[in-house]
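Notes for the one structure printed next.
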Amino acid sequence: MLLIYARQLIDYVEKIFEAIGTPSKQAELLAGQLVCAHLRGHASHGVGRIKQYMDAYKAGTLDPKAEPAVEVEGPCYANVNGNRSFGQVARRPSPWN
């Protein structure tokens, strides 16, 4: 059995996203969230998504350099335009980062 430490996997996944132009801070967030989801038993939202993101990038439906923008904000809600960025990047920071 192959043993990969979480930190090693995060670093590797981060490099994958940086290779397509994702800013390092966003790549770090994305990699951490994917690995964390996988470790928590949510494989459908874990590192298996990398292929889906790469396919979306190749198809032009994902912009790894996009900056999300808050269009409307209220006391308990926000309408965020992800501008074809990653969902993890488009949402507000959470305590799980």
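Among the residues of segment 35-59, write down those that are exposed (fewer than 15 other Cβ atoms within 10 Å of the Cβ), of a type outside the set (A, V, I, L, M, F, W, C) and either farther than 13 Å from GLY21 by Cβ or touching a residue at least 40 places away in the same chain (Cβ under 8 Å) (or both).
ARG40, GLY41, HIS42, SER44, GLY48, LYS51, GLN52, ASP55
Considering only segment 60-88, state which residues are exposed (fewer than 14 other Cβ atoms within 10 Å of the Cβ) and touching a residue at least 40 places away in the same chain (Cβ under 8 Å).
Across segment 60-88, the qualifying residue is only LYS65.
Kindly indicate which of ILE4, ILE10 is assigned to a helix (DSSP H, G or I), out of contact with any strand residue (DSSP E or B) (no Cβ under 7 Å at 6 or more places or on another chain) and among the hydrophobic types (A, V, I, L, M, F, W, C).
Within the list ILE4, ILE10, the selection yields ILE10.
What's the number of the only condition in (1) modelled with pLDDT of 95 or more; (2) farther than 16 Å from ASP63 by Cα that HIS42 fails to meet?
Failed condition: (1).
Among the numbered criteria (1) assigned to a helix (DSSP H, G or I); (2) over 16 Å from GLY87 (Cβ atoms); (3) over 13 Å from the mean Cα position of the chain (by Cα), which one does ASP55 miss?
Against the list (1) assigned to a helix (DSSP H, G or I); (2) over 16 Å from GLY87 (Cβ atoms); (3) over 13 Å from the mean Cα position of the chain (by Cα), ASP55 comes up short only on (2).
The values are calculated or read from the model by the stated rules, or taken from the named source; none is laboratory data. Keep in mind the model is a prediction, meaning the values are calculated, not measured. Note: ideal-geometry Cβ built from the backbone for every residue, glycine included; neighbour counts use all protein chains shown.
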